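Have a look at this one.
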Amino acid sequence: MDYRITTAGDEIAILPSLLAADFACLGHEASRAEKAGADALHIDIMDGHFVPNLSMGPDVVAMAKRTVNVPLSVHLMLANPEKHIEKFIRAGADVLLIHAEVEGDISGMLRQIRALGARPGITINPGTPVEVLWPYLGDIDEVLFMSVNPGYGGQKFIESVLPKVRVIREVIQTRSLAVDISIDGGIGLETVTPAATAGCNVFIAGTSLYRSVDMAKTVHEMRVRAINAFRKVRE
Ligand code: DX5
Ligand code: ZN
């Protein structure tokens with residue numbers, strides 16, 4: 001599949017997060033995001049250990065793969081991601097995001113993700129310093145900044161993560177790295193502009209998209225705001 005999220009790290013992408021969908025009809029909800037103009041679909045996987053909540057597993061990823069034609073960005077909030085990487089890629093994950101806070105050989109996991117044919121990404125929580133990312137920048141296609149503490153949708157955006165985004169945007173531009181910067185948690189029409197101004201180009205949004213009256217209109221408006229703000233970052 002043609003993966004529309006850029007590998008040049010400079011295009012805007014809007015990703016609805018299935019966690020905020022109506023679980024009574026997940027397939028329909030995945031299609032609803034695709035029809036609304038989503039560039040990809042974000043799927044949150046939680047294990048009740050790394051985060052307090054439980055959410056979905058590989059079968060939901062496989063269902064989404066059968067149902068929509070946009071790429072699947074799979075966010076592993078798992079204490080032991082290495083045990084599950086292969087399963088999620090076989091199920092259809094196009095992007096696999098692991099957390100920098102987990103124990104184990106993170107560089108090895110990122111290389112495994114790439115070797116199995118998916119795009120590797122590293123995620124950091126709001127309280128994790130940006131410096132932990134330095135060892136991984138050569139192994140990834142995406143850095144995901146959590147702008148809420150992971151585990152639940154519908155939380156308030158934590159603006160104090162934006163200085164970390166600015167640091168990574170600067171490094172990426174200076175070194176001309178093909179890395180996307182994504183942000184997840186509390187993203188909506190009000191927060192997309194500050195996030196894009198700080199240097200994010202991929203926006204993950206659950207509540208603000210799935211609970212909006214007109215998802216297509218909100219995706220479009222979010223995209224317009226992101227493009228306008230991000231253009232200034234690239235100037
Ligand atoms: C939180 C998840 C997010 C969540 C975002 O742990 O990683 O992807 O769906 O939800 P909103 O957009 O409602 O903050
Ligand atoms: Zn997520």
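Quick one: grab Rg to one decimal and Dmax as a whole number for the stretch 31-101, Cα atoms only, in Å.
For the stretch 31-101, the Cα radius of gyration and maximum Cα-Cα distance read 12.0, 35 Å.
Could I ask something else about it? Taking the Cα-to-Cβ direction at THR193 and at GLU131 and moving 7 Å from each Cα, how far apart do the two end points lie in nm?
3.5 nm
At 222 nm, what helix-only mean residue ellipticity would the chain give, in deg cm²/dmol to the nearest 500, using -39500 (n - 2.57) for each DSSP H run of four or more? Can you show the working numbers first?
Numbers: 8 runs with 81 residues, N = 235.
Helix contribution divided over all residues of the chain: -10000 deg cm²/dmol.
What is the antiparallel percent of DSSP beta bridges lying wholly in the chain, to the nearest 5? Could the numbers behind the result be given before it?
On the way: 1 of 32 bridges.
Expressed as a percentage, antiparallel bridges in the chain total about 5.
Let me ask something else about it. Any idea what the dipole of the chain comes to, in debye rounded to 20, about its Cα centre with Lys/Arg Cβ at +1 and Asp/Glu Cβ at -1?
So the magnitude is around 420 debye.
If the viscosity is 1.567 mPa s and the temperature 4 °C, what Stokes-Einstein diffusion coefficient in µm²/s follows for the stretch 62-156 when Rh is the Kirkwood radius over Cα pairs? The partial results should precede the final answer.
Details: Rh = 13.8 Å.
Approximately 94 µm²/s, per Stokes-Einstein.
Compute the length gained on full extension between SER107 and LYS83: take 0.36 nm times their separation in residues and subtract their Cα-Cα distance, giving the result in nm to one decimal.
Answer, rounded to one decimal: 7.2 nm.
Counting other beta carbons within 10 Å of each residue's own, what order do ARG32, ARG166 fall into, fewest first? Let's see the in-between values first.
Values: ARG32 19, ARG166 15.
With the sparsest Cβ surroundings first, the list reads ARG166, ARG32.
Give me the percent relative contact order of the chain, please, defined on Cα pairs under 8 angstrom at least 6 residues apart.
Values: 487 pairs, mean separation 49.7, N = 235.
Taking the mean separation of contacting Cα pairs over the length of the chain, I get 21 percent.
I'd like to compare 15-24, 201-210, 80-89: which one has the highest average count of other Cβ atoms within 10 Å, and what's the full order after that?
Numbers: 15-24: 19.9, 201-210: 25.2, 80-89: 17.6.
Peptide ranking by packing, descending: 201-210, 15-24, 80-89.
How far apart, in nm, are two points set 7 Å out from the Cα along the Cα-to-Cβ line at ARG211 and at SER160?
Simple spin-label model gives 2.4 nm for this pair.
Kindly rank 117-125, 178-186 from highest to lowest mean number of other beta carbons found within 10 Å of each residue.
Numbers: 117-125: 21.2, 178-186: 23.9.
So the order, starting with the most tightly packed, is 178-186, 117-125.
Let me ask something additional. Over the Cα atoms of the stretch 3-234, Rg to Rh with Kirkwood Rh, two decimal places?
Details: Rg = 15.8 Å, Rh = 17.2 Å.
Taking Rh as the inverse mean 1/r over Cα pairs, Rg/Rh reads 0.92.
I need the Kirkwood Rh of the stretch 168-235: take the reciprocal of the average 1/r across all distinct C-alpha pairs and report it in angstrom. Write down the numbers at each step before the final one.
On the way: mean 1/r = 0.0808 Å⁻¹.
Its Kirkwood hydrodynamic radius stands at 12.4 Å.
Something else about it: Could you give the DSSP H helices of the chain that reach 15 angstrom or more along their long axis (alpha carbon positions) and whose average Kyte-Doolittle hydropathy is no lower than 0.0?
Values: long enough: 162-174 (18 Å, 0.25); 215-234 (28 Å, -0.38).
Helices passing the filter in the chain: 162-174.
Using the Kirkwood radius over Cα pairs, work out the Stokes-Einstein diffusion coefficient for the stretch 16-59 at 37 °C and 0.692 mPa s, in µm²/s as a whole number.
On the way: Rh = 11.2 Å.
Estimated diffusion coefficient is 292 µm²/s.
Taken together, the values in this text are just the output of simple stated rules run on the coordinates, not laboratory data. All values reported here derive from a predicted model rather than from experimental measurement. Heads up, the Cβs are rebuilt from the backbone with ideal geometry, glycines too, and the neighbour counts pull from every protein chain shown.
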